[in-house]
Every structure is written in structure tokens, then in C-alpha cells.
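Heads up, the thing below is written out as C-alpha cells.
Nothing in this text is a laboratory measurement; each read-out follows from the coordinates by a stated rule. This one's a predicted model, so the numbers in the text were calculated from it and none came from an experiment. Positions of Cβ are backbone-derived with ideal geometry, glycine not excepted, and every protein chain shown enters the neighbour counts.
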Amino acid sequence: MTPVAVGELLDLEVERIAFGGEGVARHEGFVVFVPLVAPGERIRAQVREVRRTFARAELREVLAPSPDRRSAPCRHFGTCGGCQLQHLHHPAQLRTKVEFVQHALKRIGGIWWQREIPIRSAQEFGYRIRAQWQIAPRGPDQPPAIGFHRAGSREVCEVESCPILVPELNAGLARLRGMGAEHGLPRVLDMAAGAEGVATDPPLPGFAVEPITQGVGADTFGFAPQTFFQGNRVLLQELAAHAVGERAGYAALDLYAGVGLFTVPLARNHAQVTGVESDPHAVRIGRANLARNGCENATLRSARVEDALRSLLRAVAAGKAQPPDLVVLDPPRIGARAAMPLLAQLAAPRVHYVSCDPATMARDLRVLLGADYRLLDVTAFDLFPQTYHVETVARLALAAAE
Ligand SMILES: C[S@@+](CC[C@H](N)C(=O)[O-])C[C@H]1O[C@@H](n2cnc3c(N)ncnc32)[C@H](O)[C@@H]1O
């Protein structure tokens with residue numbers, strides 16, 4: 001028997017915000033998740049779903065608002081699934097994200113990190129250079145609905161503009177809308193903004209041809225709407241500089257390299273750099289990025305990270321190669337579960353783990369911490385203001401190398 005039932009109205013006190021953006025409250029000890037709330041608030045919420053160990057409820061009334069609450073700047077907030085934290089002032093969003101990282105380290109990684117986790121941030125709107133538009137046809141003579149998924153649904157929430165996007169992408173959206181039904185728009189369209197304009201995947205007439213480019217400090221990176229590239233152009237340089245670090249070395253490995261955002265700066269302070277990336281399209285653009293930025297000492301391998309690590313370990317065992325001084329890894333959201341034991345075995349003196357999911361990062365770090373690595377620092381980057389997402393860089397050193 002659960003102590004709550006669907007439809008029931010509950011008065012609750014919000015404890016914290018969980019990764020994903022929902023508030024966590026308890027009714028008679030039973031966890032109730034409620035979106036659009038702030039820690040410390042007293043709220044009234046209506047239960048809409050009950051599971052064995054938790055329930056989900058909808059906010060009906062804020063009984064005692066938090067000083068962190070604000071009225072959300074975007075009128076689609078709450079309906080659109082893109083943002084979860086617009087109802088919080090930006091400093092409160094930043095605090096919340098640091099808590100996500102602390103919580104994951106402790107609960108998932110078993111890591112009691114007592115030191116501060118600084119969070120680097122910049123402007124909270126107009127930062128995003130990539131968008132994935134959901135497009136739903138309407139009638140034969142009507143323009144399609146274009147927007148993002150509705151919160152908790154696959155339906156399209158039509159938006160006329162989006163405040164987290166750079167202005168060029170909002171102009172791109174207006175142009176898309178102007179193209180109307182006759183162009184046979186796809187159901188999903190990726191769009192990215194670069195120096196040459198806005199490119200789309202699939203390509204559309206009147207838009208830029210990929211790869212488009214983005215400057216990062218003195219370097220220039222080509223990328224495409226359908227290849228991975230960090231979405232926040234304002235923090236790109238700071239993130240790359242921190243992920244790479246200042247230490248010079250002989251060899252560095254850049255795992256999950258994408259189009260080489262970290263491979264290029266690594267090539268500035270290492271004699272040899274190898275990037276590893278499994279998406280052939282990203283590898284093609286990445287190799288051109290190495291050439292365009294004059295990185296003759298760097299190569300980008302088209303391979304899966306697990307396979308590349310296995311072959312490097314064989315070469316090290318045969319005395320034909322040495323472990324690199326530094327490994328930077330930046331896996332996708334699912335983390336690097338299969339690669340972690342191999343990485344631990346490689347025993348590079350330094351490992352910098354860049355992550356967009358604190359939970360999988362904490363799980364993976366545990367493997368390294370169980371293999372004689374220690375954590376040097378943990379830094380968060382607010383690459384995705386207004387959303388629950390947070391980027392983290394954890395830098396580790398092998399105890400024997402200290
Ligand atoms: C989060 S992105 C990081 C890209 C790059 N470090 C950056 O910051 O632009 C992860 C990348 O890993 C690649 N990837 C995913 N699984 C992989 C695997 N098993 N082996 C190699 N690359 C993989 C994806 O194609 C993607 O480009």
C-alpha cells in the first residue's frame with residue numbers, strides 16, 4: 001500500500017531538485033516528484049501517477065514561495081520540454097547544478113568530495129548554437145507546427161522563438177516557417193549556427209552548406225548540424241582550456257573526440273596527440289580541423305574507444321608504446337562503462353573526465369578511484385542555462401605519479 005493515491009491533493013515541502021529538474025518532496029516519508037518548484041517551498045500538488053517507491057504530482061499552488069523563484073521569461077516555459085529551471089533566478093540554478101554533481105558523486109560514486117565544486121557560467125540566454133526542431137504537418141493548406149517536444153510528451157510544442165538560442169537560430173526558425181508546407185519539411189530537423197550562417201540537416205535550400213565553423217580562441221572548428229559539437233558558444237573556450245589543462249607532456253589521448261575540440265588545444269602542449277572518435281562524419285570534419293589549425297602532431301582515429309584502448313594496451317604490453325601522459329575523455333550521456341577498466345589498466349598519470357551526465361560520471365570515476373587514482377578537482381560548467389543539464393570536468397592523477 002502506498003500512502004498516496006492518484007488525484008489526491010497534497011501539501012508538501014520541497015527538499016531539493018533532482019537531476020532531471022523535478023522537485024523532491026515527501027508525504028509520510030514517501031517520495032513525491034513535482035516539477036516547477038524550488039527547494040524550501042511549501043506547495044500544494046495533485047498526484048497524477050503512483051509507482052511502488054514514488055509518486056509524481058503536478059504543482060497546483062505555491063503556498064510559500066522561495067526567494068529563488070521568478071516569473072519565467074519565456075511564455076512556453078512549463079509546456080515546452082526544453083527548459084526545466086527558468087522559474088529560478090540564475091544563481092539558484094547554478095547552486096542547484098552544483099548540488100546535482102555533489103549528490104551523484106556521493107550517492108552513485110560513493111565519493112565524499114569535501115572541497116568546493118566551482119561552477120563556471122556566462123550569459124543565461126542567447127547562448128545555444130544548435131537546435132533540433134520537431135515538425136508536425138497540419139492541414140494541406142496550413143503551415144506545419146514547428147517547435148520542441150512538449151514536457152513529458154512526443155507532441156510538438158509550437159514556439160515562435162526560443163530565448164536560449166542565439167539570434168541566428170531564431171532567424172533560421174522564422175525562415176523555416178516561411179518556407180511553408182510546399183518544401184516537404186522532415187519531421188525532425190537539426191539546425192546549427194556558425195560563422196557562415198545557419199546549416200540544416202537534412203540540407204534545405206537557402207541555408208548554409210556544412211561544415212560551418214566556430215572560432216574558439218585563435219582556433220577554428222568546422223562542424224555540422226548532425227555531428228556532435230558543444231552547444232554553448234560562450235563557454236567553449238573556457239571549457240576546452242580547463243579540460244586540456246596547462247601541463248605540457250609527451251603524449252596525450254583524446255577519447256570521444258568529436259570534431260577535435262580538445263584534440264587541437266592538446267596538440268599545443270603535447271608532442272603527440274591521438275584523438276579517437278567512432279562517428280565517421282565527425283572524423284572527416286575533425287581531420288580537416290587538425291589541418292586547418294596546423295596540428296601536424298595530432299591524428300584522429302576512426303575507431304571505438306574500447307577497441308582503441310585494447311590495441312594500445314597490447315602495444316604497451318609488447319613494449320611498442322608507452323601510456324600517454326594525459327587522457328582526456330568526454331563520453332556521451334551513457335558514460336564510458338566498457339572503457340573504464342581498460343583506462344584503469346592503461347594507468348596514464350593524468351585523466352581528465354568531461355561529462356554531461358553526473359550520474360554516469362560518478363559511476364565511471366568509481367572505477368578509477370578503485371585503481372589508485374585520486375581526484376584533484378571537480379569543476380562544473382553551466383553550458384545549458386534554464387535546463388537541468390550540467391557539464392562537469394573531473395581531473396584525476398595516478399597516486400604513483402604524484
Ligand atoms: C559528448 S561528445 C564529445 C565530443 C568532443 N569531445 C567535444 O567536446 O566536442 C561524445 C562523442 O563520442 C562519440 N562516441 C560515442 N561512443 C563512442 C565510442 N564507443 N567510441 C568512440 N567514440 C564514441 C560520439 O560520436 C561523440 O562525437
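Structure data summary
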read-out	value
For peptides 273-279, 198-204, sequence by mean Cβ density within 10 Å, most packed first	273-279, 198-204
Principal semi-axes in Å for segment 165-238 [√(5λ), Cα gyration tensor, largest first]	24, 12, 10
Residue-span extension gain [residue 15 to residue 60] - 0.36 nm each, minus C-alpha spacing	14.5 nm
Rg/Rh (Cα only; Kirkwood hydrodynamic radius) as it applies to segment 1-69	0.93
Pair residue 2, residue 31: separation of 7 Å Cα→Cβ label points (nm)	1.2 nm
Within the chain: Cβ-based charge dipole about Cα centre, in debye rounded to nearest 20 (Lys, Arg +1; Asp, Glu -1)	600 debye
Amide H contacts under 5 Å for residue 275, placed H, 5+ residues apart	254, 299, 300, 301
For segment 240-357, size of Cβ-based charge dipole, Lys and Arg +1, Asp and Glu -1, in debye	200 debye
Gyration tensor (Cα) of the chain, equivalent ellipsoid semi-axes in angstrom	37, 30, 17
Ranked packing of 9-16, 300-307, most packed first, by mean Cβ within 10 Å	300-307, 9-16
Gyration tensor (alpha-carbon) shape descriptor, segment 1-139, a/c threshold 1.5	oblate
Computed E for residue 171/residue 138 - FRET, C-beta separation, R0 22 angstrom, nearest 0.05	0.45
Shape of segment 130-214, Cα gyration tensor, a/c cut at 1.5	oblate
